[in-house]
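The values are calculated or read from the model by the stated rules, or taken from the named source; none is laboratory data. Predicted, not measured: the structure shown is a model, and the values here were computed from it. In this analysis, Cβ positions are derived from the backbone assuming ideal geometry, glycine residues included, and neighbour counts consider all displayed protein chains. The protein model used for the area step is the full one, side chains on, heavy atoms only, and it has no ligands, DNA or RNA in it. Shrake-Rupley method; radii C 1.70, N 1.55, O 1.52, S 1.80 Å.
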Amino acid sequence: GETIYHQCLRLFNVRQVFLLRSTDHLREIFSLYRSLSRLRVLVCGGDGTVGWILSTLADLYPSGSNPPVGVCPLGTGNDLSRVLGWGW
């Protein structure tokens, strides 16, 4: 995870890469970028992180107009890759 974080910092603007601390922090980030018409979200994490981000987006965008979300599955207990058929 740390390697991917540092690679993202090199590839993207540092104002676009976040290590999340809490739901309040996440809501604050989305409120800062909410006005962008082409907002895209990449979630790098395990099942819990992905679920947390998706549920927060569902709360913030109740009309279903939430931004597109990409997932980079990380973590030792990650079932997302298995469920999606990525790997064995």
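May I ask you to list the residues in region 32-47 that are touching a residue at least 12 places away in the same chain (Cβ under 8 Å) and open to solvent by less than 80 Å² (accessible area, probe 1.4 Å)?
Scanning region 32-47 gives L39, V41, V43, C44, G45, G46, D47.
Of all residues in region 1-21 being out of contact with any helix residue (DSSP H, G or I) (no Cβ under 9 Å at 6 or more places or on another chain) and in a loop (DSSP other than H, G, I, E, B), which is surrounded by the most Cβ atoms within 10 Å (Cβ to Cβ)?
By that ranking, first place goes to G1.
The rows are residues; the columns are (1) of a type in the set (S, T, N, Q); (2) part of a loop (DSSP other than H, G, I, E, B); (3) at pLDDT 75 or above.
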{"residue": "L32", "(1), (2), (3)": "no, no, yes"}
{"residue": "S35", "(1), (2), (3)": "yes, yes, yes"}
{"residue": "C44", "(1), (2), (3)": "no, no, yes"}
{"residue": "T49", "(1), (2), (3)": "yes, no, yes"}
{"residue": "L54", "(1), (2), (3)": "no, no, yes"}
{"residue": "A58", "(1), (2), (3)": "no, no, yes"}
{"residue": "G87", "(1), (2), (3)": "no, yes, no"}
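Which count do you get for residues in region 48-66 that are hydrophobic (A, V, I, L, M, F, W, C) and exposed (fewer than 12 other Cβ atoms within 10 Å of the Cβ)? If you could, list the steps in order and put the result at the bottom.
So in region 48-66, the residues hydrophobic (A, V, I, L, M, F, W, C) come out as 50, 52-54, 57-58, 60.
Okay, now just the ones that are also exposed (fewer than 12 other Cβ atoms within 10 Å of the Cβ), so 58.
The number of residues fulfilling the criteria is 1.
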